Amino acid sequence: MFCFQCEQTARQDGQAGCASAKGVCGKDEVTADLQDLLIYQLKGLGELSQRLHQHGTPDQAADSFILYALFTTLTNVNFNRAVFTGLIAEAARLRDKLRATLEAAGEALQGLSAAAHFAPAAELTELLAQANIASVRAGLELVGEDVIGLRALILYGLKGVAAYAHHAEVLGEKREEIYAGIARALDFLAHDPADIPTLLEEALALGRLNLIVMEALDAANTGAFGMPTPTQVRTTPVAGKAILVSGHDLRDLHNILDATKGTGINVYTHGEMLPAHGYPRLHAYPHLAGNYGSAWQNQQQEFADFPGPIVMTSNCLIEPRAAYRNRIFTAGPVGWPGLRHIQHDDYAQVIQAAQAMPGFTQTAAEKTILVGFARETLLGAAETVIEAVKSGAIKHFFLIGGCDGAAPGRNYYTDFADHAPEDTVLLTLGCGKYRFNSHEFGNIGPLPRLLDVGQCNDSYSAIQIASALAGAFGCGVNDLPLTLVVSWFEQKAAAVLLTLLALGLRNVRLGPSLPAFLTPTLLNVLVETFGVQPITNAEADIAAALARAA
Amino acid sequence: MNLTLLTRDEVRLEIDATVGQSALEAAEAAGLYPAAMCRDGQCGQCAAHVVSGTYEMGPHSPAALPPEPGGVLLCQCLPTSDLTVALPYGDAQLPRHSVPVRQAVIETLRPAGAAAMSLVLRLQPDAALGQTADFLPGQYMELRPPGMAISRAYSLANLPNWEGTLEFLIRLVPDGAFSGWLAREAKPGDRLELRGPLGQFTLDEASPRARWLVGGGCGFAPLLSLLRQMAEFQDTTPVRLIYGVNLAEELLPNDIFTPLREALPQLHVTFAVWHGAPGANAVQGSTADILESQLASTGSAADIYVCGPPKMVETVLAAARQAGVPDAQLFCEKL
Ligand code: SF4
Ligand code: SF4
């Protein structure tokens, strides 16, 4: 196996990449190789799908499959090799179907890539023997590290885009331009592009596509559950039977709330599910009792201690400990061998487990945190904000966004939040906020200094806020007293980063370490052309940001 | 002193150990609970391997000690310097809570073949676990009858569930204290005390290889649990069962196998009868003989799971090694 798609990738002797029998995340060799093969097939499938889109006869089943299949390969999503052998067979079946459709429509099928012709072996051992052609580093001797790195950047960004698109799709948001854009990107990758300027251009095109996808997801979430409003969320348990819902999928949470209505079971959010409380139509369920635990990397302890079943709706899953193996369920793209998977929205077993488990025996003293500062709330308070900036009460905005992880370097984000001067506002999104969202930051006038904008996909909301502010001040976004501090962990953050670059946002601080797939030459392009800066230490970076703005 | 536990997936757990404390006690004091049973150097459940450092071994049965250099029993291993010990299982399999002790009542008790009883227990609600029967397929429990000092370990035959049901297959030993009690006195409604789940005889789900399950007598119980797990998860991994008994009348009734064959179309079953006429559905021979001939005829590189009486397990393992199956692909549980 070889995988370097996430921030926690193994770094040994100056060599980056998980290349032993098991990656840092727990993904084993077999699963990693099968994921590579699946991606390879998806390039071929995307190529055929792209032709169907051009022909005006897209195939919805294939397009949805592509989103879902890409999503399963993100970091900390699916570790179940049985799932991947199934997806590989399905990808081949769909590929044949699309080819037949194109042929029937009289389309010539010339110039198809090798990926579109790939025939996966039926036997697992033979399949694994085929995995070499599908490695992210295939062709390295031919094209060099820079091209491999850029292809990886596009592929990983595309995985992030697909994950967001899948979340939007399950809520009914199905847009032709999104499916077509994803097929186009896969088609591009299928032909082993090697021209650096073209690759860079494609990366930015993907960033633009991701903006559309995040907008679609925002429309899907707000359409289904209402516009987030500032909401106090209880962070201490209430006596009673309990279910914990983790991951990012609001639809799953909604279905669980529906299925448990009137059962007396309380539902708690975990990790990135926290922003769900801000959505009025989710908040309206009285048994959505609160938020439990913190960010994903603490789940082994937190899930073991939780007195009820757990449902994992998307990343980030870590190898489950024996203590809760029988009561953690996966849903959607998520999987781990030997864990029960929820199918057809059937939560009967989860409910049964919740009834059988003791639940919380006592109600703890109430503690809350505030979430739900999406764009409407902030734009609604635009007058106040603009006044505060003009009067000098607010000197600067820091958007601290992205994922958390277990690496020690991540204390940077805690330090950053804690050291930001009193006259600055902190906007936050993604699970990185768990490093500081229980700290006291106080208010500036009526405005809390720490504003939780939502999940990482709510970067869309943040972008809207920034452009609205720029509009109000009659300046460009880069001239706003705003600094973006991005903590990246996995591929959705790569997609968001590409969007920020495509929008021309400069001076993004990126950390805690830079992506391993970016070579020094590519990093130099990011720094020189796009003004991306690696993080240094919190105090120095705050000072630099404030000095630049002054 | 420092004690480092190194799990099979290479997680390093650092613990403080004081002089005179066994490695097991030090781990438990730190909130880690490595598998252990007799705590007396006899049962071999806490076997591990010292990677570096010095230690003394307290009194123990030589048969329980892993034969390889550095082999120790954690319950009798007294560190005399900083010590690093490798555990034969992964971090996620290392419990962070002491093994639960629970109460259960007998729900049903009936003969299973000529030499065994099928025992079904219902757990009483527990403060931490509620009504759940929480274990991993392949694990076992220690059972203690009311008012008796003896306890015996038996593998679970069913799947974890939320009704609190535990199913065992118990071999009737002529003079066995527990099985004697079971055959003569036990009746539905009787209470038992249980300690568990215990054991690491669980499926290696990350392995890409076929699974061959070899069981003798009541060694079939955990294999049944593993097969039921595969059936529940619609696991398509190639799987083979070689199930051996002494006499044809000891074979379990066929209705146990029917749902497995239906859910696992790839399942290949061989019944082996060691002594006497094998009958229509079985072949003559020991499980080791049959394993040997099937390994030779298929050339398979499967993972092999063996469970049964110690002697039978040893002969099967020897046959597998003889056929070139590496140790990493051998999983066993001795009854
Ligand atoms: S996802 Fe990250 S940790 Fe997992 S194998 Fe890939 S690079 Fe390693
Ligand atoms: S924000 Fe990123 S790291 Fe955090 S849970 Fe979501 S995907 Fe995982």
Rolling a 1.4 angstrom probe over the protein chains, ignoring ligands and nucleic acids, what is the accessible area of A:K367 in square angstrom, nearest 10? 130 Å²
For peptide A:350-360, compute the average count of partner chain beta-carbon atoms within 10 Å of each residue's beta-carbon. 4
If you place +1 on the Cβ of every Lys and Arg and -1 on the Cβ of every Asp and Glu, how big does the dipole about the Cα centre of the protein assembly as shown come out, in debye to the nearest 20? 1220 debye
Per-residue average of Cβ from other chains inside 10 Å of B:128-134: 6
Charges on Cβ only, +1 for Lys and Arg, -1 for Asp and Glu, centred on the Cα centroid of the range A:376-504; of A:N411, A:L484, A:L498, which one is farthest towards the dipole's positive end? A:L498
Heavy-atom accessible area per residue, the protein assembly as shown, 1.4 Å probe: how many Å²? 38 Å²
Protein accessible surface hidden between B and A, which excludes ligands and nucleic acids, total in Å², probe 1.4 Å: 2300 Å²
If you average the alpha carbon positions of the range A:138-154 and of the range A:22-54, how far apart do those two centres end up, in angstrom? 16 Å
Would you mind pulling out the separation of the Cα centroids of the range A:65-113 and the range A:311-346, in Å? 24 Å
Charged-residue dipole, Cβ positions (Lys, Arg, Asp, Glu), the range B:101-198 about Cα centre, Debye nearest 20: 200 debye
Leaving ligands, DNA and RNA out of it, work out the accessible area of A:R175 with a 1.4 Å probe and give it in Å² to the nearest 10. 50 Å²
Selection from B:L252, B:P309, A:P58 lying farthest towards where the dipole of the protein assembly as shown points positive, charges on Cβ: B:L252
When the gyration tensor of the range A:418-507 is built from Cα positions, what are the square roots of 5 times its three eigenvalues, in whole Å, from largest to smallest? 21, 19, 11
Antiparallel as a % of all DSSP beta bridges within chain A, to the nearest 5? 20 percent
Taking B:141-154, A:10-23 and ranking on average Cβ neighbours within 10 Å, highest first, one gets B:141-154, A:10-23
By the rule of another cysteine's Cβ lying under 4.7 Å, the cysteines of chain B that fail to get a partner are B:C46, B:C75, B:C77, B:C218, B:C307, B:C332
Karplus-derived 3J(HN,Hα), 6.51/-1.76/1.60, for each residue of the range A:110-126, Hz, glycine and proline x: 7, x, 5, 6, 4, 4, 6, 9, 4, 10, x, 5, 7, 7, 4, 5, 6
Over the protein assembly as shown, one equal point on each Cα, no solvent: what is log10 I(q)/I(0) by the Debye formula at q = 0.05, 0.06, 0.07 Å⁻¹? -0.32, -0.46, -0.62
Can you give me the span-like helices of chain A, meaning DSSP H runs with 20 Å or more of Cα extent along the axis and Kyte-Doolittle mean at or above 0.0? A:81-104, A:145-170, A:176-190, A:196-225, A:459-473
Scattering curve values for the range A:368-462, log₁₀ I(q)/I(0), Debye with Cα scatterers, q = 0.10, 0.11, 0.15, 0.17 Å⁻¹: -0.25, -0.30, -0.56, -0.72
For chain A, build the charge dipole from Cβ charges (+1 Lys, Arg; -1 Asp, Glu) around the Cα centre, then report which of A:A105, A:I386, A:N132 sits farthest towards its positive end. A:I386
Can you give the percent of C-alpha pairs in the range A:11-224 whose distance is more than 33 Å? 12 percent
For B:Y55, enumerate residues with amide H under 5 Å from its amide H, sequence gap 5+ or separate chain, H modeled in the peptide plane. B:T80
Peptide A:21-33 - average C-beta neighbours from other chains (10 Å radius): 2
Among the listed pairs A:K159/A:K395; A:K43/A:K97; A:K241/A:K367; A:K22/B:K311, which are separated by more than 25 Å between their Cα atoms? A:K159/A:K395; A:K22/B:K311
Integer Hz, Karplus 6.51/-1.76/1.60 couplings in order for the range B:34-44, x for Gly and Pro: x, 4, 7, 10, 6, 6, 9, x, 10, 8, x
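Could you order B:L335, B:L247, B:L13, B:L260 by accessible surface area, starting with the largest, using a probe radius of 1.4 Å?
B:L335, B:L247, B:L13, B:L260
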Is it possible to state the helix-based mean residue ellipticity at 222 nm for the protein assembly as shown, with each DSSP H run of 4+ residues giving -39500 (n - 2.57), the sum divided by total residues, to the nearest 500 deg cm²/dmol? What is it? -11000 deg cm²/dmol
Accessible heavy-atom area order of A:E539, B:E262, A:E490, highest first, probe of 1.4 Å: B:E262, A:E539, A:E490
How much accessible area does A:V527 have with a 1.4 Å probe, in Å² rounded to the nearest 10? 60 Å²
Find how many whole Å separate the alpha carbon centroid of the range A:215-284 from the alpha carbon centroid of the range B:1-35. 40 Å
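Take B:D126, A:D418 and sort them by solvent-accessible surface of the protein heavy atoms, 1.4 Å probe, largest at the top.
Of B:D126, A:D418, the descending order of accessible area is A:D418, B:D126.
The values are calculated or read from the model by the stated rules, or taken from the named source; none is laboratory data. Remember, predicted model here, so these are calculated numbers, not experimental data. Please note: Cβ atoms are built from the backbone with ideal geometry, for glycine as well, and neighbour counts cover all protein chains shown. Accessible surface areas use protein heavy atoms only, side chains included; no ligands, DNA or RNA. Shrake-Rupley method; radii C 1.70, N 1.55, O 1.52, S 1.80 Å.
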